[in-house]
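Notes follow once the structure below has been shown.
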Amino acid sequence: MKVAFVSRWGVQCGIATYTDQLALSIEKQKVTCECFAERLIGIREIPVQSDLKFFRCWDGRQPNYEGIFRKLQKQKPSVVHFQHEFGLMDNPGALLELLPKIRAIKIPVIFTPHTVMSKPSPKNWFFMNVLSQVDAVVAHNANMKKALIDWGVKAGKVLVIPHGTPEDCGIEDRENARKKLFLPEDPGLIIAISLGFISPGKMQHEAVDAILGLAQEGLLDTSKFLYIIAGSPGQNDQHNIEYCRALHKKIDETRAWNYIRIVPRFIDRVDLPLWYGAADFVITGSHQTFFSVSGRSHQEMAFGMPSVSSDARLLSDLDERRSLKYDSMFQLRGHILTMIRDPQLRHSMQRRCLDFAQETSWTNVAKKHIEMYKKIKGIEN
């Protein structure tokens with residue numbers, strides 16, 4: 001069996017990272033994978049974990065996706081699996097022309113829509129026309145499946161396979177991690193972190209406002225707490241750069257640098273054990289989204305990180321058993337204080353996060369994908 005993924009590849013993008021981790025785990029099960037990748041369009045390249053063949057053969061901005069079809073004809077995969085996001089492949093005509101050609105050469109087509117919208121939506125061409133023509137649709141949770149069925153996708157065609165979670169994610173010893181990151185080494189200091197892109201959508205400003213308010217009201221001992229935002233402004237977009245600058249300005253004007261810091265640089269995967277080892281908990285925000293699942297939330301659980309997280313669909317896998325959820329500034333402030341003051345709660349959440357990480361490991365998720373591919377192809381185990 002050979003699986004062809006249509007996706008971004010080897011760039012600073014959540015879809016590319018998802019494809020890399022899924023392909024790596026599938027290949028460990030002795031199934032060949034290839035990636036029909038989007039051409040480089042200015043997004044920063046990053047190292048990949050898997051060494052599968054990839055072909056840069058399409059561009060989401062072009063009027064057709066003939067490059068994908070020609071590669072399918074040449075490579076002859078058993079199935080083709082699209083990792084779909086609207087920002088990658090948002091040319092309705094090109095996609096609708098491509099699918100009948102693939103069906104004509106009898107290669108089963110699978111879609112994982114990483115964003116599912118509720119009806120009505122201007123994207124109805126995708127949910128009603130594209131997904132009606134494919135052999136299977138992967139939904140990352142039950143709510144995404146329900147939304148797809150509401151669009152008219154046949155229930156038997158939708159398979160719930162959770163978003164995968166990285167494996168073997170040990171963290172650095174707390175004291176050593178803080179030394180290596182040049183952080184205060186006081187063992188009584190509680191450190192909270194937010195990793196990832198710095199942008200309004202990640203709502204780092206909410207956490208900053210909450211912590212400033214707690215400090216100003218005397219509810220937070222700022223000598224025993226440090227909040228760190230570490231990450232690059234998303235895609236180096238000017239709007240996100242200005243957002244990062246505004247955060248700097250607010251912290252500067254309130255003279256809060258002794259307990260709130262910003263590290264404006266992309267945190268490489270190899271450095272994650274240091275950052276998560278140095279931290280006691282994470283604060284993960286997001287504005288309300290369509291139905292989707294955050295790879296960042298699974299990354300945090302893979303490292304056993306207790307969290308305070310916003311009540312957004314994107315962060316639904318961080319449910320109440322594994323995170324303190326907030327939908328108001330009042331709740332956010334209270335949850336931050338609770339997490340600081342209750343080490344037993346942090347320990348319990350860490351254990352539940354690690355249990356969920358094992359359940360949704362990329363190995364287990366890869367096996368579910370392989371079962372789906374075999375069923376579609378009529379291959380017996």
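Laboratory data are not the source of any read-out in this text; all were calculated from the coordinates shown. Being a predicted model, the structure only gives us computed values, none of them experimental. Neighbour counts are summed over all protein chains in view; Cβ atoms, including those assigned to glycine, are modelled from backbone coordinates with ideal geometry.
Remarks
- Across the chain, Cα pairs under 8 Å and at least six residues apart give a relative contact order of 15 percent.
- The stretch 229-302: C-alpha gyration tensor shape, a/c 1.5 cut-off, then a/b vs b/c: oblate
- Geometric extent, Cα atoms of the chain - Rg, Dmax (angstrom): 21.8, 69
- Rounded to the nearest 500, the 222 nm mean residue ellipticity of the chain from helices alone is -11500 deg cm²/dmol, with -39,500 (n - 2.57) taken per DSSP H run of at least 4 residues.
- Computed packing ranks the peptides 308-316, 97-105 as 308-316, 97-105, most packed first, by mean other Cβ atoms within 10 Å.
- Helix axis angle, 238-253 relative to the chain longest principal axis, alpha carbon, degrees: 10
- Flagged links, alpha-carbon separation over 28 Å, of 202/374; 76/123; 30/74: 202/374; 76/123
- Relative contact order, percent, the stretch 174-359 [alpha-carbon distance under 8 Å, six or more residues apart]: 23
- Stretched out straight at 0.36 nm per residue, the stretch from residue 103 to residue 249 would grow longer than its current Cα-Cα span by 47.0 nm.
- Using alpha-carbon coordinates, inclination of helix 362-377 to the longest axis of the chain, degrees: 20
- Cα gyration tensor shape for the stretch 174-359, rounded if a/c is under 1.5, else prolate or oblate: rounded
- Against the chain, whose longest principal axis comes from its Cα atoms, helix 92-104 is set at around 50 degrees.
- Convex hull of Cα atoms in the stretch 1-55, direction-averaged projection (nm²): 3.3
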